[in-house]
Amino acid sequence: MSVVMGLRIAADPARVVEALNSDPERLRGIAQRSRDAGCIHHRFYANEAGGEVLVVDEWPDAASFLRFFENSPDIGQIMGEAGVTEQPTPVFWRELDTPDKF
């Protein structure tokens, strides 16, 4: 069963979007490498209160994400461009089988 990874980033969402859009080729390369490494889904979300971005991915397992993340210095470069000063820590979630899911 896959895992959902959440990565909370203390940053201005507008600066994150600006950094992501600054080099489309770099971003396409990262996205392709993540798919090649097993990433199933990937999204960015902005906190409605501001000041925080949440990256939500689905991966086959935590180890696949960690290998990808550790071997992607360009992600750190983008974070630096976005003004991120604190190292974010990924948190992994597994689905619970409950009778009320839909």
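Values for this structure:
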| read-out | value |
| --- | --- |
| Test: residue 48 is among the acidic types (Asp, Glu), outside any helix (DSSP H, G or I), out of contact with any helix residue (DSSP H, G or I) (no Cβ under 8 Å at 6 or more places or on another chain) and closer than 12 Å to residue 4 by Cα | no |
| Those residues of segment 16-43 which are among the hydrophobic types (A, V, I, L, M, F, W, C), within 16 Å of residue 69 (Cβ to Cβ) and touching a strand residue (DSSP E or B) at 6+ places or on another chain (Cβ under 6 Å), in sequence order | 39, 40 |
| Exclusive hit being more than 15 Å from residue 4 (Cα to Cα) and not small (Gly, Ala, Ser), set 98, 89 | 98 |
| Filtered residues of segment 52-102 (kept if of a type in the set (S, T, N, Q), assigned to a loop (DSSP other than H, G, I, E, B) and exposed (fewer than 14 other Cβ atoms within 10 Å of the Cβ)) | 71, 85, 87, 89, 98 |
| Residues of segment 1-16 satisfying the condition of being part of a helix (DSSP H, G or I) and surrounded by 15 or more Cβ atoms within 10 Å (Cβ to Cβ) | 13, 16 |
| Of all residues making up segment 88-102, the number that are under 25 Å from the mean Cα position of the chain (by Cα) and polar (S, T, N, Q) | 1 |
| Residues of segment 41-69 classified as in contact with an Asp or Glu (Cβ under 8 Å, 6 or more places away or on another chain) and of a type in the set (A, V, I, L, M, F, W, C), total | 2 |
| Any hit, segment 62-71, residues being among the hydroxyl-bearing types (Ser, Thr, Tyr) and more than 20 Å from residue 11 (Cβ to Cβ) | yes |
| Given (1) part of a strand (DSSP E or B); (2) in contact (Cβ under 8 Å) with a residue 40 or more places away in the chain; (3) farther than 16 Å from residue 10 by Cα, index of the condition residue 26 fails | (1) |
| Tally of residues being surrounded by fewer than 15 Cβ atoms within 10 Å (Cβ to Cβ) and outside any helix (DSSP H, G or I) across segment 33-43 | 3 |
| Scan of segment 12-60 for residues that are of a type in the set (Val, Ile, Thr) and under 19 Å from residue 90 (Cα atoms), ordered by number | 16, 30, 40, 53, 55, 56 |
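The numbers here are math on the coordinates, done by the rules we state, and not lab data. Not measured: the values here are computed from a predicted model. Using ideal geometry, Cβ is built from the backbone for each residue, glycine included, and neighbour counts are taken over all protein chains shown.
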